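Quick notes on the structure that follows.
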Amino acid sequence: MKQIFLTQASLPDLEEYIEEIRNIWNTHWVTSMGPKHNLLEKKIEDYLGINGVTLFTNGHNALEAILNAFELKGEVITTPFSFISTTHAIVRNGLMPVFCDITEHDFNIDADKIERLITDKTSAILATHIFGTPCNVEKIEEIAKKYNLKVIYDAAHAFGVKYKGKGIAAYGDASIFSFHASKVFNSLEGGCVVCSDRVVNDYLMKYRNFGNTNGYTEIIGTNAKMNEFSAAMGLCNLRHIDTSIGKRKKLFEYYCEELKVVSGVMLPEKSESFARNYSYFPIRIDSTLLPGKRDDIFIKMNNWGIQVLRHFYPIVPEQPCYKDMFFNVYTPIAKKISEEILLLPLYEKLQIEEAEYIIKKMKELLL
Ligand SMILES: *Cc1c(COP(=O)(O)O)cnc(C)c1O
């Protein structure tokens, strides 16, 4: 077997992409809010069923931009179990992250533990829909209303996810998505903010372009404009996104079916309340039943050429860059999950024979 990677970028047929970029050779318009950029912005609004999409070079810049746009101060309550980008965006905006523990069943911020972390310095909640599973958006909204806090969702994993019939970006004051090559929907690199507030969107449009408008610089912005080649990739991939999600779904269900009989392996929860995008296949290897097993699987599978990931491990406040910065972080569930979590390869073009081989090897280690 050749090396199997955790993920692989979805690509359209080469001819389709060439057709999409062909007229760039006539216009020479390669970046800075070109026609493809503007069209993609519209198409994403259509797909997500929501207005107020602002494109960015990547999801991280989108996240930094929206935190900046909301003019937050002081402390932001967030999750320690996310990609490092979530906390970096807070810190790089001069704000203080306050880590709230997660729940054992969906690995999302535990809404019942948020309130006790609120102080007179708290200005926002930044939660991640981890692995595309929606947070407890109702409870979070209730708390935010009570304390007058902004709610921002890092929806980098959740493109196309619907919760109770509505697109996931309908919840909170704003959401960001990532279109990185490793995500369900990609534009090579890319991302967006979704926000229904027009004033905020005007700010974001200036912010991504150094703060420039009409020949003057109104705000201290940055450079985070998506180029036309990325937008062209986004336009192509968006045409096939439902097929792509459908293929992931089949693999996801195959994994579940095969692994449900293996004791010590905990599968993603079934839920009627939301439509998945099958972005990842996260499992837990029970550390009480099988101590040390997660790391054993991690090492052996990778040695066999099957890339599996401990995502996210260690938790954010224990990463070397933050280790000496935060005190009194008490998030034992997040710590436990980070010691049990394992992602198996999942992408559109993963072949069923490859999935069978992955399962065979997993079972060798677990049965
Ligand atoms: C990928 C990701 C980001 C960052 O997105 P980029 O497009 O890579 O900048 C942020 N948060 C989470 C949870 C992610 O998975």
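The values are calculated or read from the model by the stated rules, or taken from the named source; none is laboratory data. Note that this is a predicted model, so its numbers are computed, not measured. Note that we place each Cβ from the backbone using ideal geometry, even for glycine, and neighbour counts take in every protein chain shown. Each accessible area value is taken on the protein alone, full model and side chains, heavy atoms only, with ligands, DNA and RNA left out. Shrake-Rupley method; radii C 1.70, N 1.55, O 1.52, S 1.80 Å.
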- Query: Looking at region 240-253, is at least one residue open to solvent by 20 Å² or more (accessible area, probe 1.4 Å), touching a helix residue (DSSP H, G or I) at 6+ places or on another chain (Cβ under 7 Å) and closer than 29 Å to K162 by Cα?
  - Reply: no
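Considering only region 8-22, state which residues are part of a loop (DSSP other than H, G, I, E, B) and either open to solvent by 70 Å² or more (accessible area, probe 1.4 Å) or not polar (S, T, N, Q) (or both).
Once the filter is applied, which keeps residues that are part of a loop (DSSP other than H, G, I, E, B) and either open to solvent by 70 Å² or more (accessible area, probe 1.4 Å) or not polar (S, T, N, Q) (or both), region 8-22 yields Q8, A9, L11, P12, D13, R22.
Which of the following residues is touching a Lys or Arg at 6+ places or on another chain (Cβ under 8 Å) and aromatic (F, W, Y): F5, F83, F70?
After applying the criteria, what remains is F70.
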- Since I4 meets every condition but one in (1) under 18 Å from the mean Cα position of the chain (by Cα); (2) open to solvent by less than 50 Å² (accessible area, probe 1.4 Å), which condition does it not meet? (1)
- Selection within region 53-80 - more than 10 Å from the ligand (Cβ to nearest atom) and either surrounded by 24 or more Cβ atoms within 10 Å (Cβ to Cβ) or among the aliphatic types (A, V, I, L, M) (or both): V53, T54, L55, A65, I66, L67, A69, L72, V76, I77, T78, P80
- Query: Restricting to region 86-109, what's the tally of residues that are surrounded by fewer than 21 Cβ atoms within 10 Å (Cβ to Cβ) and either within 27 Å of P282 (Cβ to Cβ) or within 15 Å of the ligand (Cβ to nearest atom) (or both)?
  - Reply: 8
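Looking at G132, G160, which is the one that is open to solvent by 10 Å² or more (accessible area, probe 1.4 Å) and within 15 Å of the ligand (Cβ to nearest atom)?
Criteria check complete, one pass: G160.
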- Message: Here is a list: A155, A111, A127. Which entry is free of Cβ contacts under 8 Å to residues at least 60 places away in the same chain and in contact with an Asp or Glu (Cβ under 8 Å, 6 or more places away or on another chain)?
- Response: A127
- Query: Residue check: is I84 within 30 Å of L309 (Cα to Cα), touching a Cys at 6+ places or on another chain (Cβ under 6 Å) and not hydroxyl-bearing (S, T, Y)?
  - Reply: no
- Query: Restricting region 324-342 to residues that are out of contact with any Asp or Glu (no Cβ under 9 Å at 6 or more places or on another chain) and surrounded by fewer than 20 Cβ atoms within 10 Å (Cβ to Cβ), which is modelled with the lowest pLDDT?
  - Reply: F327
- Mind counting the residues in region 260-296 that are farther than 21 Å from K336 by Cα and not basic (K, R)? 9
- Item | Residues satisfying the stated conditions in region 179-223, i.e. β-branched (V, I, T) and closer than 27 Å to Y17 by Cα | V184, V193, V194
- Message: Take the conditions away from the ligand (no atom under 16 Å from the Cβ), closer than 17 Å to I152 by Cα and either crowded, with 16+ Cβ neighbours inside 10 Å or not aliphatic (A, V, I, L, M) (or both) and apply them to I50. Does it pass?
- Response: yes
- So which residues in region 198-232 are open to solvent by 10 Å² or more (accessible area, probe 1.4 Å), assigned to a loop (DSSP other than H, G, I, E, B) and in contact with a helix residue (DSSP H, G or I) (Cβ under 9 Å, 6 or more places away or on another chain)? E218, I219, I220, G221, T222, K225, N227
- Task: Give me a count of the residues in region 135-153 that are open to solvent by 20 Å² or more (accessible area, probe 1.4 Å) and in a strand (DSSP E or B).
- Result: 1
